[in-house]
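*Asks:* Below: one structure in structure tokens.
Throughout, read-outs are computed from the coordinates displayed, never taken from laboratory work. In this text, all values refer to a predicted model and were calculated from it rather than measured experimentally. Cβ: placed from backbone, ideal geometry, glycine included. Neighbour counts: every protein chain shown.
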């Protein structure tokens with residue numbers, strides 16, 4: 001059994017583990033595209049996101065989710081939406097979108113982290 005003092009690193013998957021997005025990601029993506037001069041309705045964005053998520057389901061066992069994966073995810077969405085030069089546009093959206101996301105911590109996060117600290121896990 002691992003003892004608390006032997007832990008060197010604790011890593012949490014932030015999105016969906018410690019906190020959740022307060023606005024649906026398709027709405028944020030729609031706003032980002034609008035800022036870049038492209039207009040799509042929410043159902044089109046949702047469908048493109050569904051397409052990209054299906055692609056990611058096949059990829060996720062071979063890759064880790066990071067900035068490159070986000071860019072590739074966006075490229076899939078943008079290609080599905082038939083936008084010109086999806087590679088270049090995905091570089092823009094993958095840099096812009098994260099700063100637009102708003103997260104709220106789950107109600108038990110603070111208590112859980114305090115408990116981990118008390119028991120010397122953190």
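*Asks:* For the range 97-122, enumerate the residues that are part of a helix (DSSP H, G or I) and under 16 Å from residue 21 (Cα atoms).
*Replies:* Of everything in the range 97-122, those that are part of a helix (DSSP H, G or I) and under 16 Å from residue 21 (Cα atoms) turn out to be 97, 98, 99, 100, 109.
So that you can scan it fast, the table gives a plain yes or no per residue for (1) buried (at least 17 other Cβ atoms within 10 Å of the Cβ); (2) under 29 Å from residue 30 (Cα atoms):
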{"residue": "84", "(1), (2)": "no, yes"}
{"residue": "87", "(1), (2)": "no, yes"}
{"residue": "93", "(1), (2)": "yes, yes"}
{"residue": "99", "(1), (2)": "no, yes"}
{"residue": "111", "(1), (2)": "no, no"}
